[in-house]
Amino acid sequence: MNAPTFPDRDVRADFPGLVTKDGDPWHYLDTAATAQKPRQVIEAMTRALGEDYATVHRGVYSRSADMTLAYESARRRIATFIGGREDEIVFTRGATEAINLVAKTWGRANLKAGDRILLSQLEHHSNIVPWQMLAEEVGASIDVVPLTDDHQIDLDAAEAMLTQQHRIVAFAHVSNVLGGVLNASRAAAMAHKVGAKLLLDGCQAVPHMPVDVAALGCDFYVFSAHKLYGPTGIGALWARSEILLDMPAWEGGGAMIDRVTFEKTTYGHGPQRFEAGTPAITEAIAFAAAADYVREVGLVTMHEAESNLVVRLRRELTAMNDVTVYGPADSAGIVSFTIDDIHPHDLGTILDEANIAIRAGHHCAQPLMDYLGVPATARASFGLYSTDEDITALLEGIARTRRIFGKG
């Protein structure tokens, strides 16, 4: 199998999960759900769990001090990866917890009855439900931006909808279903013009393209490690330092405190205030190793390679009369489609027999499925290890499925 073209390395060789138990190639086309892990990340986590392991922020012995340095180094490297500062990065359990954190701290402190929240039609459930919960709690309202003809967030419509009552705008930087890339700088300018903050869900952006939060102009940025070739169970919230300093504490416990008495507790500052309890130490270290790996391979080169795969797959699928392809032509590593009279679940099951893994379902975006008028789509999503052979296998699998259903 031809590997993606990267200078001086066969990246597929770094990923032990890309073969079956029988040693055959596994055509993994579900990276948007979760990415496979390179051995560099696996080894970093293994070391952290083994010979390097100790607690952080508490021990006076040398290994604990070393682990604390490694943990805080991970924060610094993640901050650098997205163009932020280390005092602006909060480690969370993932992007979902990061959005909930913002809604339940900044949101509770800044929204009241009559205020408005602006979302888009294509948001992941994790960027809908926390805002619904907040709106119900404080008496705010939610407005939903429609999509353009090529299924991107309609920023012209958003600009017309924004009012002085809007306090927060929460958009996907890249859609997890359609792959469209938001003009984030314009969205930030529009939000700030009416005094609102902008939160970007960056889960599908950081694995595919360089991200610079300062250049984007957003106020909050969230993403998960496991979509960035890192471990599950950890992600990050970036928030502007002046905003983070004013956000109230969320969960109570050890590590997030300054001083505790039965009469009164005072809380720590910056990221510390939001990281109660023993943190995900080994996961943070592996998270940073994943960011280092992606930076070393090169995000620009990765994006170009994945874009070429998107172009080919969209061209091949569009040529089929019974296939509908969704999203913009320049989607970032994601192609969603349906085949007439074949449910995506049936397609996914048949493809699995040929060692081809795609995602089939509503992708945690049921409002978007309602908007598109379908119960589900099939989704092929690429990573830095994806190849033309993966697409060839997928197309052969689609042809076989059509024959099984009497369409070939």
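Quick notes on this one:
- Entry comment: accessible area of the range 213-290 is 39 Å² per residue, from protein heavy atoms only and a probe of 1.4 Å.
- Packing-based ranking, highest mean first, of 19-25, 341-347 given that Cβ atoms within 10 Å are counted: 341-347, 19-25
- Residue-wise HN-Hα coupling along the range 57-62, computed from phi with Karplus coefficients 6.51, -1.76, 1.60 (Hz; x: Gly, Pro): 6, 10, x, 9, 7, 5
- Length gained when the stretch Glu137-Glu43 is fully extended (0.36 nm per residue, less Cα-Cα span): 29.4 nm
- The calculated 222 nm mean residue ellipticity attributable to helices in the chain amounts to -11000 deg cm²/dmol, summing -39500 (n - 2.57) over DSSP H runs of n ≥ 4 and dividing by all residues.
- Residue-span extension gain [Ala65 to Ala319] - 0.36 nm each, minus C-alpha spacing: 85.5 nm
- 3J(HN,Hα) along the range 323-336: 10, 10, 9, 10, x, x, 5, 9, 4, 8, x, 9, 9, 10 Hz, from the Karplus curve 6.51 cos²θ - 1.76 cosθ + 1.60 with θ = phi - 60°, whole Hz, x for Gly and Pro.
- The amide H of Ser141, built 1.01 Å from its N in the peptide plane, has Gly114, Asp115, Arg116, Ile117 as neighbours under 5 Å, considering only residues 5 or more places off or on other chains.
- A Förster radius of 30 Å combined with the Cβ-Cβ distance from Ser185 to Leu245 puts the calculated FRET efficiency at roughly 0.75.
- Three-way shape call for the range 124-245 based on the alpha-carbon gyration tensor, with the a/c threshold at 1.5: rounded
- For the range 84-155, averaging the sequence separation of C-alpha pairs within contact (under 8 Å, six or more residues apart) and dividing by the residue count gives a relative contact order of 31 percent.
- Given charges at beta-carbon only (K, R positive; D, E negative), |dipole| of the range 215-279 in Debye: 140
- Look at the alpha carbon pairs under 8 Å that are at least 6 residues apart: their mean separation over the length of the range 215-277 gives a relative contact order of 25 percent.
- Counting only DSSP beta bridges whose two residues both lie in the chain, roughly 60 percent are antiparallel.
- Length-normalised contact order for the range 28-122 - Cα pairs under 8 Å, 6+ apart - percent: 10
- The calculated FRET efficiency for His345 paired with Lys264, based on their beta-carbon distance and R0 = 35 Å, is about 0.05.
- Nearby lysines by direct alpha-carbon distance to Lys197 (threshold 16 angstrom, same-chain neighbours under 8 apart not counted): Lys104, Lys112
- Per-residue ³J(HN,Hα) for the range 124-129, Karplus 6.51 cos²θ - 1.76 cosθ + 1.60, θ = phi - 60°, Hz, x for Gly and Pro: 5, 3, 5, 10, 10, 4
- Percent accessible area from carbon and sulfur atoms, the range 168-267, protein chains only, probe 1.4 Å: 54
- Cut-off under 5 Å, modelled amide H: who pairs with Gly180 long-range: Ser175, Ala332
- Selected from Ser331, Ser386, Ser73 as most flexible by GNM, with the chain as the system and alpha-carbon contacts under 10 Å: Ser73
- 5 angstrom amide H check on Ile342, placed H, neighbours 5+ away: none
- For Met369 and Val19, the difference between the fully extended length at 0.36 nm per residue and the C-alpha to C-alpha distance is 122.8 nm.
- Taking the accessible area of the range 64-162, probe 1.4 Å, and keeping the other protein chains in place, the carbon and sulfur fraction comes to 49%.
- Shape metrics for the range 291-408, restricted to C-alpha atoms - Rg then Dmax, Å: 14.7, 48
- Result for the chain in a Gaussian network model with C-alpha springs under 10 Å: among Ser307, Ser185, Ser336, the largest mean-square fluctuation is at Ser185.
- Pairwise Cα separations in the chain fall into 10 Å bins from 0 onward with the following percentages, short to long: 5, 22, 30, 25, 14, 4, 1, 0.
The values are calculated or read from the model by the stated rules, or taken from the named source; none is laboratory data. Treat the numbers as computed from the prediction; the structure is a model and nothing was measured. All Cβ positions, glycine included, derive from the backbone under ideal geometry; neighbour counts span all protein chains shown. Quick note on the areas: whole protein, heavy atoms, side chains included, nothing else; ligands and nucleic acids left out. Shrake-Rupley method; radii C 1.70, N 1.55, O 1.52, S 1.80 Å.
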